[in-house]
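The values are calculated or read from the model by the stated rules, or taken from the named source; none is laboratory data. All figures in this text were calculated on a predicted structure; none of them were measured in a lab. Cβ placement follows ideal geometry from the backbone for every residue including glycine, while neighbour counts extend to all protein chains displayed.
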Amino acid sequence: MTDAPRVDFDCEQCGARVHVVVGSAEAACARCKEARVLEPAQLSDAGGLLGCRVCGHPELYTRKDFPKPLGFAIVGVAAVLAPFTSYISLGVAALLDSALYFTMPELVACYVCDARHRDFPQPPKHPRFDREIDERLKYGKRAVMGRAMREGGTADAPDPEH
């Protein structure tokens, strides 16, 4: 049984992480009580994501739901132990990191507001992170790279070629 779709995003007022189980039209920050309306038009008829539920932007990307601090901790502990384990701990860390990577679920993140959408049904499927989209959204006309926005956003778009 899958979990209910949920969204995590940073509160604009205080910066705290807000966790919302999708079902209501509004989310409130637990720390400062700032309310934010979720974008209802960003869902397909089947409940899949057409755009970000927080900011409404249509360009999203798929990535693993892997906690970065855990990855850094595994590598850090292995590096500290390396001289005492004849560097075997580095190989064990690589195997552990790979096993975790392949068992972690995927989430869909927004390029603009970094909202993280979990357990939404597919289709549509969103491609993995694309540096060109990120460059265009961050730097606009000053971007070295950055193709024009796709019609309809990233819903069912192919993965980037780089």
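Among the residues of segment 64-74, those identified as in a helix (DSSP H, G or I) and not aliphatic (A, V, I, L, M) are 68, 69, 71, 72. Of all residues in segment 90-98, at least one satisfies being within 26 Å of residue 158 (Cα to Cα), out of contact with any helix residue (DSSP H, G or I) (no Cβ under 7 Å at 6 or more places or on another chain), assigned to a helix (DSSP H, G or I) and at pLDDT below 90.
Just wondering, is there one or more residues in segment 7-17 that are out of contact with any Asp or Glu (no Cβ under 7 Å at 6 or more places or on another chain), of a type outside the set (Asp, Glu) and at positive phi? Yes - at least one qualifying residue is present in segment 7-17.
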